[in-house]
Amino acid sequence: MQLSDFCLQFLRLFEKFRASAYPDAVGKPTIGYGHLILPGETFSSPITLAQGEDLLRTDAGGAAAVVSLHTEELDLRQCESEALVSLVFNAGPSALVSAAGTRSTLMRLLLAGDRKLAAHEFRRWHYAGGKPLGGLLRRRIAEELWFLGGHPRSVIDIATEGWKKTSLSA
């Protein structure tokens with residue numbers, strides 16, 4: 001799946017670039033645009049924006065591969081696939097399928113052909129460390145609208161703090 005510029009812009013909007021390592025909402029070491037620092041990776045000095053962009057594209061590509069693997073039998077529209085990519089990028093593959101192979105409710109509804117109910121499932125993924133986060137809920141509502149084919153400007157409007165209008169430029 002080729003990711004659109006809008007998909008990458010959406011991820012940038014929520015992930016916000018950080019040049020130095022920081023703990024994410026659940027305390028996992030992260031850098032760049034939400035790149036989870038993996039065992040064996042070291043970032044002893046700040047990274048450049050270009051390095052952050054490379055990590056973003058690699059991580060988004062990995063999320064896209066997960067989505068493609070688990071939805072290959074479905075004829076998803078680009079907006080549906082990319083909203084799922086954003087969800088997997090942020091929440092991990094378990095948003096679709098657990099490590100044990102159990103499908104999430106979202107996936108079961110998608111496979112059953114009920115895309116509207118599946119879209120509503122995005123909102124259930126707004127917890128980090130067992131706590132609800134307002135920013136994650138805002139992101140999930142924007143992903144839900146995107147999944148349902150909402151206009152990119154509307155998706156960005158919902159995604160931004162306080163529902164403010166914003167430019168679609170990166």
Mind counting the residues in segment 29-47 that are surrounded by 11 or more Cβ atoms within 10 Å (Cβ to Cβ) and without any contact (Cβ under 8 Å) to a residue 40 or more places away in the chain? 12
Would you confirm, using the coordinates I've provided, whether Gly52 is in contact with a helix residue (DSSP H, G or I) (Cβ under 7 Å, 6 or more places away or on another chain) and either of a type in the set (Gly, Ala, Ser) or modelled with pLDDT of 95 or more (or both)? no
Within segment 109-132, track down each residue that is loosely packed, with under 14 Cβ neighbours inside 10 Å, within 26 Å of Glu15 (Cα to Cα) and not basic (Lys, Arg). Gly129, Gly130, Pro132
Within segment 34-49, residues among the small types (Gly, Ala, Ser) and over 20 Å from the mean Cα position of the chain (by Cα) come out as Gly40, Ser44, Ser45
The condition of being more than 21 Å from Ser4 (Cβ to Cβ), among the polar types (S, T, N, Q) and either over 15 Å from the mean Cα position of the chain (by Cα) or surrounded by 14 or more Cβ atoms within 10 Å (Cβ to Cβ) (or both) holds, among Thr71, Thr102, only for Thr102
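The values are calculated or read from the model by the stated rules, or taken from the named source; none is laboratory data. These numbers were taken from a predicted model, which means no experiment stands behind them. Positions of Cβ are generated from backbone atoms using ideal geometry, with glycine treated the same way; all protein chains shown enter the neighbour counts.
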